[in-house]
1. Please indicate, with yes or no, whether at least one residue in segment 130-139 is touching a Lys or Arg at 6+ places or on another chain (Cβ under 9 Å), surrounded by fewer than 16 Cβ atoms within 10 Å (Cβ to Cβ), under 18 Å from T45 (Cα atoms) and at pLDDT 95 or above.
2. Applying the selection to segment 160-169, what residues are closer than 17 Å to L122 by Cα, in contact (Cβ under 8 Å) with a residue 12 or more places away in the chain and of a type outside the set (K, R)?
3. Scan segment 149-169 residue by residue and report those that are loosely packed, with under 15 Cβ neighbours inside 10 Å, of a type in the set (A, V, I, L, M, F, W, C) and assigned to a strand (DSSP E or B).
4. Tally up the residues in segment 108-164 that are in contact with an Asp or Glu (Cβ under 6 Å, 6 or more places away or on another chain) and not aromatic (F, W, Y), please.
5. Hey, can you tell me all the residues within segment 68-78 that are within 7 Å of the ligand (Cβ to nearest atom) and either part of a strand (DSSP E or B) or under 21 Å from A144 (Cβ atoms) (or both)?
6. Has segment 76-83 got any residue that is over 14 Å from the mean Cα position of the chain (by Cα) and in contact (Cβ under 8 Å) with a residue 24 or more places away in the chain?
7. More than 14 Å from the ligand (Cβ to nearest atom), surrounded by fewer than 18 Cβ atoms within 10 Å (Cβ to Cβ) and part of a loop (DSSP other than H, G, I, E, B), is that true of G99?
8. Restricting the search to segment 20-67, which residues are within 11 Å of the ligand (Cβ to nearest atom) and among the charged types (D, E, K, R)?
Amino acid sequence: MTAENAHDTPLRPLEPSAFRDVIGHFASGVTVITTALDGALHGTTASAVSSLSLEPPMLLIAMNRSSATGQAVLRSGAFAVNILGEGDDELARRFAAKGDDKFDGVGVEIGDHGQPLLVDALAQLVCRVTQQVEAATHVVFFAAVHEATARPGAPLAYYRGKFGRLSFD
Ligand SMILES: Cc1cc2nc3c(=O)[nH]c(=O)nc-3n(C[C@H](O)[C@H](O)[C@H](O)COP(=O)(O)O)c2cc1C
């Protein structure tokens, strides 16, 4: 078989549980994607975040269509990526839940572009959506990064369904 005709061969889809188990070996950081719409704050824990290009500075996020935050991003056209620091498991779990009270008791400041920023985050990036693509259950948002700040510290890590910490030798 050549690379040119590989797409002609019917393939059985992989079991979703097998995919989840194997892709879970790809360790990631953890973020909270936030946005503001009509005066209400929205936020969700997300690990499907990737740097895209340096010139211009761009990143992408993938949001399930069922995410209230994703739907708010669709309408607001902007969001912030709040990169969580080591020990912020509690914050990650809180924003992975559903509900209108996720921001209760959480330190938030509104950035220059109107996006809610989690003050305890390790880093914050303020983004404007440039393009969105629907794919399977998700919407992929491509976005230009307009502001970025970080403080010294270590990141929260996510690996095979568990929160942890990065260690370097
Ligand atoms: C570690 C972790 C990473 C997650 N990453 C994503 C993600 O990248 N995209 C997504 O749509 N949901 C992701 N989720 C699930 C959402 O956080 C969850 O569905 C949440 O309830 C959505 O809230 P919302 O409907 O208020 O936006 C993740 C959850 C966890 C715990």
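1. Yes, that holds for at least one residue.
2. Within segment 160-169, the first condition is being closer than 17 Å to L122 by Cα, and the residues that meet it are 163-167.
Keeping just the survivors that are in contact (Cβ under 8 Å) with a residue 12 or more places away in the chain gives 163, 165-166.
Within segment 160-169, F163, L166 qualify.
3. A150
4. Residues of segment 108-164 in contact with an Asp or Glu (Cβ under 6 Å, 6 or more places away or on another chain): 117, 119, 126, 154, 156, 163.
Add one more test, that the residue is not aromatic (F, W, Y), and what stays is 117, 119, 126, 154, 156.
Residues in segment 108-164 being in contact with an Asp or Glu (Cβ under 6 Å, 6 or more places away or on another chain) and not aromatic (F, W, Y): 5 in total.
5. Initially, segment 68-78 is screened for residues within 7 Å of the ligand (Cβ to nearest atom), giving 68-70.
Those that are within 7 Å of the ligand (Cβ to nearest atom) and either part of a strand (DSSP E or B) or under 21 Å from A144 (Cβ atoms) (or both): T69, G70.
6. Our first condition is that a residue be over 14 Å from the mean Cα position of the chain (by Cα); within segment 76-83, this holds for 76-77.
Within this subset, residues satisfying the condition of being in contact (Cβ under 8 Å) with a residue 24 or more places away in the chain are 76-77.
Yes; the residues of segment 76-83 include at least one that is over 14 Å from the mean Cα position of the chain (by Cα) and in contact (Cβ under 8 Å) with a residue 24 or more places away in the chain.
7. Numbers: more than 14 Å from the ligand (Cβ to nearest atom): no; surrounded by fewer than 18 Cβ atoms within 10 Å (Cβ to Cβ): yes; part of a loop (DSSP other than H, G, I, E, B): yes.
Taking the combined requirement at face value, the residue does not satisfy it.
8. Result: R65, single match.
The values are calculated or read from the model by the stated rules, or taken from the named source; none is laboratory data. Since the structure is predicted, the reported quantities are computational estimates derived from the model, not experimental observations. All Cβ positions, even for glycine, are placed from backbone atoms using ideal geometry, and neighbour counts span all protein chains on display.
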